[in-house]
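A short write-up of the structure that comes next.
The values are calculated or read from the model by the stated rules, or taken from the named source; none is laboratory data. It should be emphasised that the depicted structure is a prediction, and the values quoted were computed from it without experimental measurement. Cβ sites come from the backbone with ideal geometry, for glycine too, and all protein chains shown count toward neighbours. When the accessible area is computed, the model is the full protein with side chains, heavy atoms only, and any ligands, DNA or RNA have been set aside. Shrake-Rupley method; radii C 1.70, N 1.55, O 1.52, S 1.80 Å.
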Amino acid sequence: MLYHRWEYSVTADETSIIQPDGCRDVILVSRPNEPDEIRITNWDSQPQAVRLLKGTKMVGYRLSPGTTIATTVLMNNDPNTFVLEGMIESEGTQSLEIFELIETLAQSNLTVQQVARQSGRTVRTLQRQFRDLSLPSPDYWRLLGRARRAAKALPCRVPLVEIAHEYGYSDQAHMTREFVRWFGNTPSRLRQDKVSIVEISQPGLGNWLKESRSEVSNLL
């Protein structure tokens, strides 16, 4: 599926922390006494703080990991959901081959070299293929995917050192550095942050519109 549709209404002024999910979102933003506008997010590599004002309503279309879209076409069209959905479906480009490569990078503990070899490519060819599509590098998908998988295992309450081992980190300190890089928090603090865990568990890299396949059961 090309996108996941979501809606959100702001009932009081708030600042939301958006965690990186390996997706771009096309968002129709409506605010009181202001014209509607279309916003398009980037592939984030760290948490983003977003200030939202009371009365703001958003209809978002989270594009599947690796989907590219002609953003200038979207920005030059009338901001309404009917037109927007049609434009996303006509302008969005999703390569099944790239999607499967991204899934492999995100859901396994394989290195980029191993994924390239497994797909019959050299590392340089794999990197060029992503670059030609204006996508983040293969290492982006591998590292973010692993961090998201490990973060979703935090509620199981097993020792952090076991989670680090299960998800291919060299040690707990290595996992901590990666969590701070991607999520702005250590694993122990993120474990207490239920809002962020829910955000990380939303459809995105590694669990696109299906039950997340994880190694959590191996930890229990």
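When each of Glu85, Glu34 is tested for being assigned to a loop (DSSP other than H, G, I, E, B) and over 20 Å from the mean Cα position of the chain (by Cα), the lone residue that passes is Glu34. The number of residues in segment 48-68 that are more than 16 Å from the chain's Cα centre (by Cα) and part of a loop (DSSP other than H, G, I, E, B) comes to 4. Scanning segment 152-163 for residues being buried (at least 21 other Cβ atoms within 10 Å of the Cβ) and without any contact (Cβ under 8 Å) to a residue 60 or more places away in the chain gives a total of 2.
Filter segment 99-108 for residues that are touching a residue at least 12 places away in the same chain (Cβ under 8 Å) and open to solvent by 30 Å² or more (accessible area, probe 1.4 Å) and give the result.
Residues satisfying the conditions are Phe99, Thr104, Gln107.
Would you mind telling me which numbered condition in (1) closer than 22 Å to Ser64 by Cβ; (2) free of Cβ contacts under 8 Å to residues at least 40 places away in the same chain; (3) open to solvent by 40 Å² or more (accessible area, probe 1.4 Å); (4) not small (Gly, Ala, Ser) Thr111 fails? The single condition Thr111 does not satisfy is (1). When segment 179-220 is filtered for residues that are open to solvent by less than 80 Å² (accessible area, probe 1.4 Å), within 18 Å of Val161 (Cα to Cα), assigned to a loop (DSSP other than H, G, I, E, B) and modelled with pLDDT under 90, the ones remaining, listed by number, are Ser214, Glu215. If you go through segment 137-151 and keep only what is in contact (Cβ under 8 Å) with a residue 12 or more places away in the chain, open to solvent by 40 Å² or more (accessible area, probe 1.4 Å) and not acidic (Asp, Glu), you end up with just Arg142.
Can you tell me which residues in segment 108-140 are assigned to a loop (DSSP other than H, G, I, E, B), hydroxyl-bearing (Ser, Thr, Tyr), out of contact with any Leu (no Cβ under 7 Å at 6 or more places or on another chain) and at negative phi? Of everything in segment 108-140, those that are assigned to a loop (DSSP other than H, G, I, E, B), hydroxyl-bearing (Ser, Thr, Tyr), out of contact with any Leu (no Cβ under 7 Å at 6 or more places or on another chain) and at negative phi turn out to be Ser108, Thr111, Thr122, Ser137.
Residues are listed down the side, and each one gets a yes or a no for (1) loosely packed, with under 14 Cβ neighbours inside 10 Å; (2) farther than 22 Å from Met1 by Cβ:
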| position | (1), (2) |
| --- | --- |
| Arg31 | no, yes |
| Thr41 | no, no |
| Leu53 | yes, yes |
| Thr56 | no, yes |
| Val59 | no, no |
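For first residues located in segment 77-98 and open to solvent by less than 50 Å² (accessible area, probe 1.4 Å), partners that are assigned to a helix (DSSP H, G or I) and β-branched (Val, Ile, Thr) and lie 6+ apart or on another chain with Cβ distances below 8 Å form the pairs Met87/Val73.
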